[in-house]
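All remarks here apply to the structure that follows.
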Amino acid sequence: MEIRYTIKDVMATKLITFSPETLIGSAIQSFLENKISGAPVVDEKGNLVGMLSEKDCLWTLLESSYYNNLSGYVKDYMSTDLTTINLYDSLSEVAQKFLDLRFRRFPVLQNGKLVGQISRRDVLKAVSNLNKNDGSS
């Protein structure tokens, strides 16, 4: 019996998201409280407009030390040059994107709408489960 995992089987669907108008300090606090390192940014219609990562937030340190306060919005720091995954891509296609690009996670889209997120760890879990299910160790 061959077991195949799809993106839908391994992606996270209960996501913490931000709006572009979220205060950057609130986003940083959410990262810390939820122990996450990045999150999608969506507009009022749920369209993906960016990604915010810990690395993006590090810019606030430089700016806040210069201006002596932490201010700004997610839209001021988020990345907008995005690589996305289609819900129907194969896990091997996703693994190749992780190898080719520096990202730790990709937003997953279906018909242009955000439906989840897949991380390197999600792909590794699927590989590990495949290994367990085929009897290999």
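Since every read-out is calculated from the coordinates, none of them should be taken as a lab result. Remember, predicted model here, so these are calculated numbers, not experimental data. Here Cβ is always computed from backbone atoms with ideal geometry, including for glycine, and neighbour counts include all displayed protein chains.
Brief remarks follow.
- Among 115-126, 72-83, the order from most to least packed when residues are scored by Cβ within 10 Å on average: 115-126, 72-83
- Separation between Cα centres of the stretch 110-133 and the stretch 1-62, rounded to whole Å: 16
- For the residue pairs Lys14/Lys45; Lys14/Lys113; Lys55/Lys75; Lys8/Lys75; Lys75/Lys125, the alpha carbons lie more than 22 Å apart in Lys8/Lys75; Lys75/Lys125.
- Radius, Kirkwood style, for the chain when every pair of distinct Cα atoms is counted (Å): 16.2
- Across the chain, the relative contact order, built from alpha-carbon pairs under 8 Å that are at least six residues apart, equals 30 percent.
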